[in-house]
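Student: Here's a structure for you.
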Amino acid sequence: MNNLDSNYYEMIKKAIGRSNRSDLQHNTSFEELIYYDEYNNIILREIKYSSKDVTYEIHDNTYDQLGNLTIEKYTYIINNKAYAYEVKTFYEYVYDNENHIILRKTFNQDHRLSELIRNQYEQDKLIKKEVYINLNDNIDFTTGSDYIYKHLKKVHFYYYNEKNKLLQEKVCLPSGVISCYIIYTKTGMVERVENPFKSGYSWSIESICAGSYEISVKESIFNDEILKSIVDLLCEHYMDCHWILLDLSAVSNRNFNEEKVNDMMKLYGTNNNIIFNYI
């Protein structure tokens, strides 16, 4: 941090001082150090790349009286203040009589509604969450199911053990197709993401439209073996699959053998008439 502007240095120093815990992650091309506040939200992310570049993401969070996030402000510092800017996200909540969040609205920098979440509880346990996107700011859920359904992105179902500890989250698309499973540790932290068929590699189905399948790879690496596993499962369970969109944003190690992957894609293109694209 020696080359940082003094103002940003002080912001980073204060964020570290307010942190409750930190987590260090090593990857092939970078090292990521994340600091969390008392509500388990990120307040500082420091990424050191093998190229010696350093990126900082500073979060200045505001909470309501129940400890829920109301304003999330990001400041990005790239290459020692060569480029920095600020982004804000706003949240509004509706609570039930037990102070459970039954509705959460997310607004972007321009105060436009970007996401809406509806929660359903049973005996103090969250059992279902519906995520909607691209809605009107003054959405009325009595408007009609067809309009609401068109904007439904994901449905989450939560499962607990006999001691009411969260074990698993099943994520579904609006059609009911399983996107993925999220497995939790005994302490309630995410342990891993399992694909919809629980068959090894970590990935999810993000959307399906007219034979086009958007797939998000959750592994730290990507290679032809992972690609083959994904495509074989899709072809086995979905006969209409002819276009696969691959999202590798969660893959930390991008140094995969592109030639082998491309050869595998060409093989599926010839034998199964499948088109591939990265997104």
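Student: So for the stretch 206-264, taking the charge dipole from beta-carbon charges (+1 Lys/Arg, -1 Asp/Glu), which of M264, S220, I244 sits furthest toward the positive end?
Tutor: Most positive-ward Cα: S220.
Student: Same structure again: Using 0.36 nm times the number of residues separating M189 and N97, minus their current alpha carbon distance, what extension gain do you get? Present the calculation step by step, with values, prior to reporting the outcome.
Tutor: On the way: separation 92, 0.36 × 92 = 33.12 nm, distance 2.71 nm.
Between M189 and N97, full extension yields an extra 30.4 nm.
Student: Then there is this: Give me the Å³ per residue figure for the convex hull around the C-alpha atoms of the stretch 107-257.
Tutor: Convex hull of Cα atoms, per residue: 162 Å³.
Student: Still on this structure: Answer with one residue from S19, Y85, Y49: the one whose Cα lies farthest towards the positive end of the charge dipole of the stretch 1-88, charges on Cβ with Lys, Arg +1 and Asp, Glu -1.
Tutor: It is Y49.
Student: Something else about it: So, with +1 on the Cβ of K and R and -1 on the Cβ of D and E, and no other charges, what is the size of the charge dipole of the stretch 1-88 about its Cα centre, to the nearest 20 debye?
Tutor: Charge dipole of the stretch 1-88: 180 debye, to the nearest 20.
Student: For the stretch 149-214, what value does the Rg/Rh ratio take when both radii are computed over Cα atoms and Rh is the Kirkwood radius, given to two decimals?
Tutor: Details: Rg = 13.1 Å, Rh = 12.8 Å.
We get a ratio of 1.03 for the stretch 149-214.
Student: With n ≥ 4 as the cut-off for DSSP H runs, can you work out [θ] at 222 nm for the chain, using -39500 (n - 2.57) per run divided by the number of residues, rounded to the nearest 500?
Tutor: Helix contribution divided over all residues of the chain: -5500 deg cm²/dmol.
Student: Explain nothing, just the number: dipole magnitude of the stretch 206-278 about its Cα centre with +1 on each Lys and Arg Cβ and -1 on each Asp and Glu Cβ, in debye rounded to the nearest 20.
Tutor: Dipole size: approximately 100 debye.
Student: Calculate what fraction, in whole %, of the accessible area of the chain sits on carbon and sulfur atoms when a 1.4 Å probe is rolled over the protein chains.
Tutor: Carbon with sulfur: 46 percent of the solvent-accessible area.
Student: Taking a probe of 1.4 Å, how large is the accessible area per residue of the stretch 206-278, in Å²?
Tutor: Dividing the accessible area of the stretch 206-278 by its residue count gives 55 Å².
Student: Using Cα springs under 10 Å in a Gaussian network model of the chain, which residue among K13, K128, K218 shows the largest mean-square fluctuation?
Tutor: Among K13, K128, K218, the largest GNM mean-square fluctuation belongs to K13.
Student: Using the alpha carbon gyration tensor of the stretch 206-278, what are the three equivalent-ellipsoid semi-axes (square root of 5 times each eigenvalue), largest first, in whole Å?
Tutor: Ellipsoid half-lengths, sorted descending, are 19, 15, 10 Å.
Student: A 25 angstrom limit on the alpha carbon distance is what I want to check against. Which of K105/K218; K198/K228; K125/K170; K88/K218; K73/K163 exceed it?
Tutor: Details: K105/K218 27 Å; K198/K228 15 Å; K125/K170 15 Å; K88/K218 27 Å; K73/K163 37 Å.
Going by Cα-Cα distance, K105/K218; K88/K218; K73/K163 fall outside the 25 Å limit.
Student: Ok, one more. Using a 10 angstrom Cβ neighbour count of at most 13 plus a DSSP loop assignment to flag exposed GluC sites (Glu not before Pro), which longest range of the chain is free of such sites?
Tutor: Counting at most 13 other Cβ atoms within 10 Å as exposed, the longest clean stretch of the chain is 163-279.
Student: Which one is right for this structure if Cα Rg over 2.2 N^0.38 Å is calculated from it: [x] 1.00; [y] 1.13; [z] 1.46?
Tutor: Computed from the coordinates, Cα Rg over 2.2 N^0.38 Å corresponds to [y].
Student: Might you report the magnitude of the Cβ-based charge dipole of the chain about its Cα centre, with Lys and Arg at +1 and Asp and Glu at -1, to the nearest 20 debye?
Tutor: Result for the chain is approximately 300 debye, rounded to the nearest 20.
Student: Using a cut-off of 17 Å between alpha-carbon atoms, which aspartates and glutamates can reach K48, once sequence neighbours fewer than 8 places away in the same chain are excluded?
Tutor: Partners within reach: D23, E31, E32, E57.
The values are calculated or read from the model by the stated rules, or taken from the named source; none is laboratory data. Note that the structure is predicted; figures quoted are calculated from it, not measured. Cβ coordinates were reconstructed from backbone atoms using ideal geometry, including for glycine residues, and neighbour counts include every protein chain displayed. All accessible areas refer to the heavy atoms of the entire protein, side chains included, with ligands and DNA or RNA removed. Shrake-Rupley method; radii C 1.70, N 1.55, O 1.52, S 1.80 Å.
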